[in-house]
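Okay, so here's the structure we're looking at.
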Amino acid sequence: MSLQILEARSFSECVQPLLSVVVPTYQEAGNLLPLLRKLKNALSHIDWEIIFADDNSPDGTHSLAKKLSLHDRRIRCLRRVGRRGLAGACIDGILSSSAPYVAVMDGDMQHDEMVLVRMLRRLQDGEGDVVIGTRYAEGGSAAVFSKQRSFLSRTANALARKLLGVRISDPMSGFFMVRREAFETFAPELSHEGFKILLDLLATAKSGLRVVEEPYEFRSRQIGES
């Protein structure tokens, strides 16, 4: 399998991308190349970078990411040794970015990369500080969920909405985009523990963030296990 899947760019072209895509990873080596191909297609007209925040995966995720970065400077990898946790990986990845806009998405391609362009446009238009990818608003879907998983997901979201006092349809989403400056305002108060960085951000910011939602269809994982 060829590593040269993206056009190499000079350092000067990649100093400050418009968008950073942060992907927290653990045991995702098999998904890196397919994900990069999808992002290359979706973001072809945007200056972007991807930051893999890897929790020292034993399958060599970080090694592959670093090899890929030799061929494309848009690819970066943070190898987190002695630190574990989805929230912490997301925080570290976002804070390592210099882009004005930062997206967080899973590495298993269950999140629709084509939605990133719509999210970015809404932030650039000043509609909000955070755009949440939602499965539960009109136009969104989580049809791949089993009945049990769908029930648990909707119940958890309902509880989160009640606790937060918000009308957001998917506060438990792991797919969102945020203005980096807005995130940095609240970053010192965020917990590095846990798995729901967006929920923590919303709870910490309270009414200090303007939030909008963008529907998408949640996809099934093709490689590995969730």
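Bear in mind these aren't lab numbers, they're just calculated from the coordinates by the rules spelled out. All figures in this text were calculated on a predicted structure; none of them were measured in a lab. Every residue, glycine among them, receives a Cβ derived from its backbone with ideal geometry; neighbour counts consider all protein chains shown.
Listed by Cβ neighbour count within 10 Å, with the fewest neighbours leading, V23, V81 appear as V81, V23. In terms of the mean number of neighbouring beta-carbon atoms within 10 Å, the peptides 99-109, 203-213 order highest first as 99-109, 203-213.
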